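**Student:** One structure, as structure tokens, below. Some questions next.
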Amino acid sequence: MAAKQLDFSRTPAWGQGLCRLDPPATVSSMPAGKVHLAAELSTLPLWVAGGALLGVGRTSLIVFALTYVGASLLLSPDLDLAGAAPSRRWGPLKGLWIPYAYLFRHRGLSHSPIFGPLTRLLYLAALVAAAWTGFHFAFGVPFPQGFPVNSIPAILVGVYLPHLLHIALDHLPNPLRRL
């Protein structure tokens, strides 16, 4: 399904109402990417408040929130669609996700509850490792000496939670998806 495009040729003059969206050629049974993103980002305060009520530390909540926003915007399960909004959000680096889209068919392994985020994390780690290795040999950039392992649980929850919400939205009955 093609994404809805703003049609500025039929935009009313200022003050005469909202601009009009072209009607879609077909109606998708899945929520639009904007619905996924809105649901993911609007639930973040609830997740953070719940974590605070459960006694999760401030640093872990900050790491979780930053990772959650980053994963919602940049590590969507829909990176398996070449040219989709999640890959365009990478700006000039969007081409890095083309091989990922060819490796994983849409709503296949990339949408798996366990393996979906893992595929994107491993793919991203491979890209970072390749770039870092190149910078190391070309410019002498040192390799990192450590990683804050105590942040790993907050990072993983921040990556997995928006993913699980995304696939839950994909499986809602049709009338509830339009809310």
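The values are calculated or read from the model by the stated rules, or taken from the named source; none is laboratory data. Please read these numbers as outputs of a predicted model, since none were measured by experiment. Positions of Cβ are generated from backbone atoms using ideal geometry, with glycine treated the same way; all protein chains shown enter the neighbour counts.
**Student:** Which residue pairs have Cβ atoms closer than 9 Å, lie 6 or more positions apart in sequence or on different chains, and pair a first residue in the stretch 81-102 that is without any contact (Cβ under 8 Å) to a residue 60 or more places away in the chain with a second residue that is surrounded by fewer than 16 Cβ atoms within 10 Å (Cβ to Cβ) and among the hydroxyl-bearing types (Ser, Thr, Tyr)?
**Tutor:** Once the first residue is without any contact (Cβ under 8 Å) to a residue 60 or more places away in the chain and sits in the stretch 81-102, its partners that are surrounded by fewer than 16 Cβ atoms within 10 Å (Cβ to Cβ) and among the hydroxyl-bearing types (Ser, Thr, Tyr) give Ala82/Tyr102.
**Student:** I'd like the full set of residues that are farther than 30 Å from Arg107 by Cα and modelled with pLDDT of 95 or more, limited to the stretch 14-50. I'd like the intermediate steps shown before the answer.
**Tutor:** Here is the first cut: in the stretch 14-50, the residues farther than 30 Å from Arg107 by Cα are 14-20, 49.
Scanning the stretch 14-50 gives a single hit, Ala49.
**Student:** Is it the case that Leu124 is farther than 17 Å from Asp80 by Cα, touching a residue at least 40 places away in the same chain (Cβ under 8 Å) and surrounded by 16 or more Cβ atoms within 10 Å (Cβ to Cβ)?
**Tutor:** Here the answer is no, as Leu124 does not meet what is asked.
**Student:** Give the stretch 35-58 a look and list any residue that's without any contact (Cβ under 8 Å) to a residue 24 or more places away in the chain, assigned to a helix (DSSP H, G or I) and of a type outside the set (A, V, I, L, M), or say none.
**Tutor:** Ser42, Pro45, Gly50, Gly51, Arg58
**Student:** Separate question: Could you list all residues from the stretch 40-88 that are crowded, with 18+ Cβ neighbours inside 10 Å and closer than 17 Å to Tyr123 by Cβ?
**Tutor:** Once the filter is applied, which keeps residues that are crowded, with 18+ Cβ neighbours inside 10 Å and closer than 17 Å to Tyr123 by Cβ, the stretch 40-88 yields Thr67, Ala71, Leu75, Ser76, Pro77, Asp78, Leu79, Asp80, Leu81, Ala84, Pro86, Ser87.
**Student:** Mind checking which residues of the stretch 97-114 are more than 15 Å from Leu75 (Cβ to Cβ) and either crowded, with 16+ Cβ neighbours inside 10 Å or in contact with a Gly (Cβ under 7 Å, 6 or more places away or on another chain) (or both)?
**Tutor:** Hit for the stretch 97-114 is Arg107, nothing else.
**Student:** Please verify whether Pro117 is surrounded by fewer than 16 Cβ atoms within 10 Å (Cβ to Cβ), at pLDDT 95 or above and within 22 Å of Val157 (Cα to Cα), treating the condition exactly as stated.
**Tutor:** So Pro117 does not fit the description; no.
**Student:** Among the listed residues Ser151, Ser110, which satisfies the condition of being of a type in the set (S, T, N, Q) and more than 29 Å from Thr59 (Cβ to Cβ)?
**Tutor:** Ser110
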